[in-house]
Amino acid sequence: MSTAIWGESETQSDESYPLSLLNSLLQQMMEQFMAQGACLALYDENIRQMVIRRHMRAKINSPAPNSPTPAPTNIENIDTIPMNRRKAPGVANAVTSTTGRMRRLSRPLPSLEPVSTARTALFPLGEAYTYRQDLIGTAWQKNELIMLSHDEYVETFAPGGIVTSPDEGTPAFFLAIPIPEPLMLSDPVTRKQQQILGVIVLYQAHPSTGFQSSQGHEAWQWAERFGLYLQNDRLRRLNARHNDYMKRLQQISTAFPSDVILSKLVENVHQFVKAVVHVNSMLLTFYDRDTTKIYDVFAIDHGNRIEGLYERPVIALPKDRPVWWKVTQEQQRTVLLSLTQDEPELVREHEELLKGAWGDQTNEESFLLLPMKMFNRVVGSLSLTSSHPEAFSPEDILVLETMVQLITVSIENAKLYDRSRRSVKRARQREETLSVMNSALLAFSSVLILVELLHKFVETAATLVQAGLCTFFQLTSDGEELIAQAIYDTTGKWNDATQMSSREQHEDLIKMIRLPFKNSILGKLVEADTFFYLDTTLIDELAQISSEGGAIFLRETHSHKMLMIPVRYQSELVGILAVHTPRQDRVFHPEEVSTLLAISGQAASAIRNAQLFEKIRETNAELQRMDRLKDEFIVTASHELRTPLSAISGYASMLKRQSARIDSQQALRYATKISGATQQLTDLITQMTDAAKVGAIDRKLELQVGPVQVLAAAEIATTMLSVNIEQTITVQIDPNLWVQCDGLHLRQVITNLLDNAAKYSPPAGQVVLSARSTTLSQLPEGQVDYSKLVHGEDPPVVLVRVRDEGEGIPLEDQEKIFEKFVRATRSLTTPVRGSGLGLFICRRYIEAMGGKLWLEISIPGEGSVFSFYLPQIQPPVETGETRELERTNT
Ligand code: ADP
């Protein structure tokens, strides 16, 4: 519906008059009275004054339509007769009419022009006249024709003279005609009581022309015509308006049930009210018998809607609003006040109604309160204010009362409908929650894989409370940290598996989200309550002390409020469930929190079971692996043991059989073989014992730590090789390199690495043993022990490398060979003997001495480089004691 009909009050704009019609009437009148100018003032009920709406005059110096001569000549040529001094009935006697000559209408007037505010000083367009003011106000007051000359006009109304612009000319005679409201035959009103709709003023320019009192009758006829036209138009518009009201009322009354949304309905009410009356502010108040509270649900303060009031109404108790209570509940009446004209005492009494959710309305002109009646009780009120005096006429109030009656029924229905819809919705939600819970519980009891279980858990929790993001953090076994294990994210940012090359990678990424627990705010809050919220301040505080992953999670999820639910199995904390929606300040409903607590309780025992199951599975796998290794070891060991044993038994039986025949030389050779094989057996048994010793994690190695010269240790190691080697071993070590370690173990390690280099290389291969000084941070990334890099320190280390040109180790075996009894697959099928224990023992020795040992590089067919480092120390000052030390070391 256009605002022209429903929006503005129509009486304010010129369009509300049949202007073209009035124009032509004025023109005809000018012709008949041979007037040089005519203006029309109409009553404006808003300001209660006569306002000039039309003003036109003959163009000075412009030729008349049918005449070649200029206008002034034209006017002068008009045949006039002297004006009768006799007073015509209805002609004002307050002003003496002057002598004039009546002119006969002989030809049309010169061309006319509309006069604007800017172009006239006399009766300018838009000028308003109060009762009795000037000629117009006087004609209005007297309801009589007024004829007067220029001098009389000046004498009565313009003592300072008439100021006109040069192109206007000064009128010589004036005729003012009031336009009374047409009377119906049945109207008992006398002329004095008649309402005046407007005033017409005609003026003559030439002093020799004038109006005749006998023209009074004609003038009244014209005024009557104007009156009829205006009245007719007013009735037409009134009719149109009423038709619109009816249509609108009908719309409102049919709003239910198709338009049950209360907020829409009140919006419609506002539009309707605006169409009926001039209104600045509006307030809709409800009274709810169930809660016995008063609710302001819709307010417009001077055209501005108070946003959010419908969702969060202003609530008051009856005792807080005694005046409202009295007029609506006790008196049940409509209140109409004229705030500037009524008794100030009366206005003051109602002041409470003029303030509140709709701002301060005390400076308005009119106030109207309509009670909303439903049977014999009042369920609310509609209050209106306007800056117009008398904005609410009795007819308007009737229309508004009908509307209020209609909307009261609609609103009450809508409220009922809303209530039942809400309870149906709640029941449906409860049903959905139960079914989600059921399916989750089923899943919890059947899924034993921890990852799957946790994913089901976070997904269920998020679905149950329609949260955007749900994360499960598991407490580490030492209770220090919480590590994310599963995320359910409706935005897809944290669970977009397509961007990850594998699911494992995704899981690894999630596990980088770590939050500090012990000694952090989380630790404290978990102790304090069954659930809690992290607000932006706490989130920020936590992010500052979190790992990088944790900080990113906390900051980039843009959470304003995060609900944290500790997940406990019996009294032991398993982890925390974090539920929130990014960029929202959502506080969960108590029912939602209880649902989450219930599901978390169920999940806790399932998680504990899955964790136990996982542990059992891992242990089983380890046991199986150990079993396989044991089998392999038995095969290897029996082979390793059998070889020297067969040598011993072979040579021993030869000694026995040939003892009578062989010489002492021969016997010595056999005995040497037997002793060599025995040594081999002893070595193997020592290695096995060592491996058993270092294998037990909780057993500390007994170390004889002291300064050791790397070169000396290396030289001795080269002489202790267990095999007769054909390869050349080159040693490149600076004698100034000293380390802090157990000399015996260091030699064992070097011997072992050299043994391997020789064992797995062709006879012509080169073996290089080198050592150099470096610092911890310069080592390859995986080998750096960051715990020793604290406080900006970067300790010096000696890096020892053994390079060979042997068969190399396939990639898949490169890490495994450091395990107990593990040999590269290829070594199992070659005659080269070995137990798979050497590297395992070496790594443990080096680690026990504060270093690390690793395979730096190995390319099958080209060779390998094994490296290790140990903490470097300054060479001791060379004294006799040092030399002694070196000697004992070797
Ligand atoms: P082993 O007694 O079998 O040599 P180790 O623990 O010393 O036991 O080595 C484990 C396995 O690693 C070896 O069986 C061999 O397969 C592989 N290996 C060790 N050093 C080398 C090397 N320098 N070149 C090739 N393979 C090697």
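Quick one: Glu781 ticks every box in (1) within 15 Å of the ligand (Cβ to nearest atom); (2) more than 23 Å from Asp690 (Cβ to Cβ); (3) open to solvent by 60 Å² or more (accessible area, probe 1.4 Å) except a single one, so which number is it?
(1)
For the range 450-472, indicate whether the set of residues that are open to solvent by less than 40 Å² (accessible area, probe 1.4 Å), at pLDDT below 90 and over 26 Å from the mean Cα position of the chain (by Cα) is non-empty.
Checking the range 450-472: at least one residue is open to solvent by less than 40 Å² (accessible area, probe 1.4 Å), at pLDDT below 90 and over 26 Å from the mean Cα position of the chain (by Cα).
Considering (1) outside any helix (DSSP H, G or I); (2) in contact with an Asp or Glu (Cβ under 9 Å, 6 or more places away or on another chain), say which one Arg608 fails and leave the rest.
If we test Arg608 against (1) outside any helix (DSSP H, G or I); (2) in contact with an Asp or Glu (Cβ under 9 Å, 6 or more places away or on another chain), just (1) comes out false.
Determine which member of the set Ile315, Ile300 is assigned to a strand (DSSP E or B) and without any contact (Cβ under 8 Å) to a residue 24 or more places away in the chain.
Working: Ile300 fails: without any contact (Cβ under 8 Å) to a residue 24 or more places away in the chain.
Step by step, each of Ile315, Ile300 is checked, and only Ile315 is assigned to a strand (DSSP E or B) and without any contact (Cβ under 8 Å) to a residue 24 or more places away in the chain.
Are there any pairs with C-beta distances below 7 angstrom linking a residue in the range 847-867 that is modelled with pLDDT of 95 or more and within 9 Å of the ligand (Cβ to nearest atom) to a residue that is part of a helix (DSSP H, G or I) and open to solvent by less than 30 Å² (accessible area, probe 1.4 Å), with the two at least 6 apart or on different chains, and if so which?
Phe866/Leu753
Yes/no matrix, rows are residues, columns are (1) within 18 Å of Ala717 (Cα to Cα); (2) in contact with a Gly (Cβ under 8 Å, 6 or more places away or on another chain); (3) of a type in the set (A, V, I, L, M):
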residue	(1), (2), (3)
Asn752	yes, yes, no
Val768	yes, no, yes
Thr775	no, no, no
Asp785	no, no, no
Ile809	no, no, yes
Gly836	no, no, no
Leu839	yes, no, yes
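Working carefully through the options Leu596, Leu542, Leu629, find the one that is touching a residue at least 40 places away in the same chain (Cβ under 8 Å) and more than 19 Å from Ala461 (Cβ to Cβ).
Leu629
I need the full set of residues from the range 540-570 which are open to solvent by 10 Å² or more (accessible area, probe 1.4 Å) and of a type in the set (A, V, I, L, M, F, W, C), in order please.
Ile545, Ala551, Ile552
Between Val832, Val800, which is among the aliphatic types (A, V, I, L, M) and more than 8 Å from the ligand (Cβ to nearest atom)?
On inspection, the qualifying residue turns out to be Val800.
Of Glu614, Glu572, which residue is of a type outside the set (S, T, N, Q), within 28 Å of Ser559 (Cβ to Cβ) and out of contact with any Ser or Thr (no Cβ under 7 Å at 6 or more places or on another chain)? Explain how you work it out, then say what you get.
Details: Glu614 fails: within 28 Å of Ser559 (Cβ to Cβ).
Answer to the check: Glu572.
Taking the condition of being modelled with pLDDT of 85 or more and closer than 12 Å to Tyr533 by Cα, how many residues in the range 577-601 meet it?
So the answer is 6.
For the range 805-824, how many residues are more than 8 Å from the ligand (Cβ to nearest atom) and more than 59 Å from the chain's Cα centre (by Cα)?
Taking the range 805-824 first, the residues more than 8 Å from the ligand (Cβ to nearest atom) are 805, 810-812, 814-816, 819-821.
Then keep just the ones that are more than 59 Å from the chain's Cα centre (by Cα); that gives 805, 821.
Qualifying residue count, the range 805-824: 2.
Within the range 613-641, count every residue that is among the small types (Gly, Ala, Ser) and modelled with pLDDT of 80 or more.
1
Filter the range 727-756 down to the residues that are of a type in the set (Val, Ile, Thr) and closer than 16 Å to Pro875 by Cα, then identify the one that is nearest to the chain's Cα centre (by Cα).
Filtering first and then ranking leaves Val739.
Quick check on Val739: is it open to solvent by less than 10 Å² (accessible area, probe 1.4 Å), closer than 19 Å to Leu855 by Cβ and away from the ligand (no atom under 16 Å from the Cβ)?
Taking the combined requirement at face value, the residue does not satisfy it.
Of everything in the range 665-681 that's of a type in the set (A, V, I, L, M, F, W, C) and closer than 26 Å to Val832 by Cβ, which residue is least open to solvent (accessible area, probe 1.4 Å)?
Ala677
Those residues that are among the hydroxyl-bearing types (Ser, Thr, Tyr), open to solvent by less than 40 Å² (accessible area, probe 1.4 Å) and within 23 Å of Glu431 (Cα to Cα), I need them from the range 571-603; list them, please.
Thr595, Ser600
Report yes if Lys524 is within 18 Å of Gly575 (Cβ to Cβ), open to solvent by 80 Å² or more (accessible area, probe 1.4 Å), outside any loop (DSSP other than H, G, I, E, B) and modelled with pLDDT of 70 or more, otherwise no.
It is true that Lys524 is within 18 Å of Gly575 (Cβ to Cβ), open to solvent by 80 Å² or more (accessible area, probe 1.4 Å), outside any loop (DSSP other than H, G, I, E, B) and modelled with pLDDT of 70 or more.
Got a sec? Which strands (runs of 3 or more DSSP E) wholly within the range 96-160 have at least 1 residues that are modelled with pLDDT under 90 and over 18 Å from Cys39 (Cα atoms)? I'd like the intermediate steps shown before the answer.
Values: elements: 100-103, 112-114, 146-149.
Those strands (runs of 3 or more DSSP E) span 100-103.
Out of the residues in the range 625-664 that are within 16 Å of the ligand (Cβ to nearest atom) and among the small types (Gly, Ala, Ser), state the one that is nearest to Gly834 (Cα to Cα).
Ala637
Working only within the range 742-753, note down all residues that are within 23 Å of Val832 (Cβ to Cβ) and either out of contact with any helix residue (DSSP H, G or I) (no Cβ under 8 Å at 6 or more places or on another chain) or within 9 Å of the ligand (Cβ to nearest atom) (or both). Before the answer, list the steps.
Residues of the range 742-753 within 23 Å of Val832 (Cβ to Cβ): 747-753.
Asn752, Leu753, listed by residue number.
Within the range 403-414, count every residue that is open to solvent by 10 Å² or more (accessible area, probe 1.4 Å) and either within 22 Å of Lys326 (Cα to Cα) or free of Cβ contacts under 8 Å to residues at least 40 places away in the same chain (or both).
Within the range 403-414, residues that are open to solvent by 10 Å² or more (accessible area, probe 1.4 Å) and either within 22 Å of Lys326 (Cα to Cα) or free of Cβ contacts under 8 Å to residues at least 40 places away in the same chain (or both) number 2.
Under 6 Å by Cβ, and 6 or more places apart or on different chains, what pairs join a residue from the range 375-388 that is closer than 12 Å to Ser281 by Cβ with one that is of a type in the set (Ser, Thr, Tyr) and surrounded by 22 or more Cβ atoms within 10 Å (Cβ to Cβ)?
Sorted first by the residue in the range 375-388, then by its partner, the pairs are Thr385/Ser281; Ser386/Ser366.
Restricting to the range 754-775, count the residues that are more than 13 Å from the ligand (Cβ to nearest atom) and either open to solvent by less than 10 Å² (accessible area, probe 1.4 Å) or part of a loop (DSSP other than H, G, I, E, B) (or both). Don't jump to the end; show me each part of the working.
Our first condition is that a residue be more than 13 Å from the ligand (Cβ to nearest atom); within the range 754-775, this holds for 763-764, 770-775.
Pick out the ones that are also either open to solvent by less than 10 Å² (accessible area, probe 1.4 Å) or part of a loop (DSSP other than H, G, I, E, B) (or both) and you get 763-764.
Here the count works out to 2.
Among the residues of the range 682-691, are any among the small types (Gly, Ala, Ser), open to solvent by less than 50 Å² (accessible area, probe 1.4 Å) and under 26 Å from Gly836 (Cβ atoms)?
yes
Would you check which residues across the range 441-454 are under 15 Å from Arg608 (Cα atoms), in a helix (DSSP H, G or I) and not small (Gly, Ala, Ser) and list them? Before you say what the answer is, go through the steps one by one.
From the range 441-454, those under 15 Å from Arg608 (Cα atoms) are 441, 443-454; that's our starting set.
From what is left, the residues that are in a helix (DSSP H, G or I) are 441, 443-446, 450-454.
Leu441, Phe444, Leu450, Val451, Glu452, Leu453, Leu454 - these are the residues of the range 441-454 that are under 15 Å from Arg608 (Cα atoms), in a helix (DSSP H, G or I) and not small (Gly, Ala, Ser).
When residues of the range 277-292 are filtered for being open to solvent by less than 30 Å² (accessible area, probe 1.4 Å) and over 13 Å from Ser383 (Cβ atoms), how many remain?
Residues meeting the conditions: 1.
Taking the condition of being among the hydroxyl-bearing types (Ser, Thr, Tyr) and either more than 13 Å from Leu701 (Cβ to Cβ) or near the ligand (Cβ under 9 Å from one of its atoms) (or both), how many residues in the range 837-846 meet it? So that I can check it myself, show each step before the final result.
Residues of the range 837-846 among the hydroxyl-bearing types (Ser, Thr, Tyr): 845.
Add one more test, that the residue is either more than 13 Å from Leu701 (Cβ to Cβ) or near the ligand (Cβ under 9 Å from one of its atoms) (or both), and what stays is none.
Matching residues across the range 837-846 total 0.
The values are calculated or read from the model by the stated rules, or taken from the named source; none is laboratory data. Remember, it's a predicted structure, so these values are computed and weren't measured experimentally. Backbone-built Cβ (ideal geometry, glycine too); neighbour counts: all protein chains shown. Calculation scope for accessible area: heavy atoms of the full protein, side chains included, ligands and nucleic acids excluded. Shrake-Rupley method; radii C 1.70, N 1.55, O 1.52, S 1.80 Å.
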